[in-house]
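Right, one structure below, let's go through it.
Bear in mind that the values in this text are calculations on the coordinates, not laboratory data. None of the values given here were measured: they were computed from a predicted structure. Note: ideal-geometry Cβ built from the backbone for every residue, glycine included; neighbour counts use all protein chains shown.
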Amino acid sequence: MEATFTQRQNLLKKTLQTLGKQYKAPARGAMPSIDMLELIMWTSISDNPFNPNVKRAFKKLVNEYVDWNEVRITSTNELGELLTGCKLEASHAINIKNAAQEIFHRENRLSLDFLSPKRPADVRKYIGEMKSIPEAQANTIMILITDSADVPPIAAVRRVAQRIGIVFENSTDNAVRLVFKKTLQKIQGFSAFYLICQHAYALCKETGPRCSACDLNKICEFGKEKISPRK
């Protein structure tokens with residue numbers, strides 16, 4: 001029998017309570033950058049902005065290229081190799097280039113110094129108009145700069161939530177978002193997103209999940225099955 005919406009909300013609350021003891025969510029001010037151009041580049045590197053390898057790749061982009069304009073004109077293959085060297089998907093190289101290209105052609109320069117995270121409505125309008133930024137990335141940017149319970153249904157979030165039973169395998173993106181929005185207060189969205197993304201990277205990996213080391217295995221059906229498979 002499928003869990004009811006209320007039961008899944010309770011699972012989400014227990015999950016976040018447990019993860020909160022295992023990982024310490026940083027303050028939003030501890031985010032890598034408040035510069036909107038850099039934040040767009042950061043979130044273009046990977047779906048999971050808290051993957052430590054994103055920080056490595058971002059630093060390499062900053063240190064090995066003169067500026068973001070040089071990144072813009074660099075070949076996709078070269079950027080892909082940089083990402084691969086940081087254990088990230090090479091396919092995201094095109095995301096970096098496309099975002100840089102669109103901003104450059106739109107502004108005739110590669111700068112968003114007129115955009116401030118202190119004016120989230122302006123940010124939402126601008127990135128919402130960008131063809132190179134998918135909705136999930138736009139939602140990720142917004143939850144990093146403002147209070148929101150609209151947790152982006154990126155692969156890491158879906159994987160953890162599905163394995164625990166918070167969402168179903170066939171849940172739509174909107175259905176995933178709804179569970180979070182109906183369960184969390186706006187101020188809780190950032191920390192919830194961080195905790196789940198961190199857990200997805202550390203233990204709940206796509207392949208080779210470390211279920212035996214996970215504190216969630218008491219409530220996670222996937223984890224129970226991995227540790228003590230039914231005969």
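Quick notes on this one:
- Once the C-beta distance of Arg106 and Ala136 is scaled by a Förster radius of 30 Å, the resulting FRET efficiency is 0.90 to the nearest 0.05.
- Descending semi-axes in Å of the chain, equivalent ellipsoid built from Cα gyration tensor: 33, 20, 15
- Candidate lysines for bridging to Lys118, where Cα separation is under 19 Å - those fewer than 8 sequence places away on the same chain excluded: Lys186
- Footprinting exposure proxy for Thr207, Thr76, Thr6 (fewest neighbouring C-beta atoms within 10 Å first): Thr207, Thr6, Thr76
- Each of Ile94 and Ile187 was given a label point 7 Å from its Cα along the Cα-to-Cβ line. The distance between the two points is 4.3 nm.
- Rounded to the nearest 20, the Cβ-based charge dipole of segment 1-142 about its Cα centre (Lys and Arg +1, Asp and Glu -1) stands at 760 debye.
- Centre-to-centre, using Cα atoms only, segment 148-164 and segment 84-104 are separated by 23 Å.
- Violating pairs (Cα-Cα greater than 26 angstrom) within the set Lys21/Lys224; Lys87/Lys224; Lys97/Lys182: Lys87/Lys224; Lys97/Lys182
- Restricting the calculation to Cα atoms, segment 117-224 yields a radius of gyration followed by a Dmax of 14.8, 45 Å.
- Segment 125-185, dipole about Cα centre (Lys/Arg Cβ +1, Asp/Glu Cβ -1), debye to the nearest 20: 120 debye
- CD proxy at 222 nm, helix term only [per DSSP H run n ≥ 4: -39500 (n - 2.57); per residue of the chain; nearest 500]: -17500 deg cm²/dmol
- The phi-based Karplus calculation (6.51 cos²θ - 1.76 cosθ + 1.60; θ = phi - 60°) puts the 3J(HN,Hα) values of segment 51-57 at 5, x, 5, 5, 4, 4, 5 Hz, whole numbers, x for Gly and Pro.
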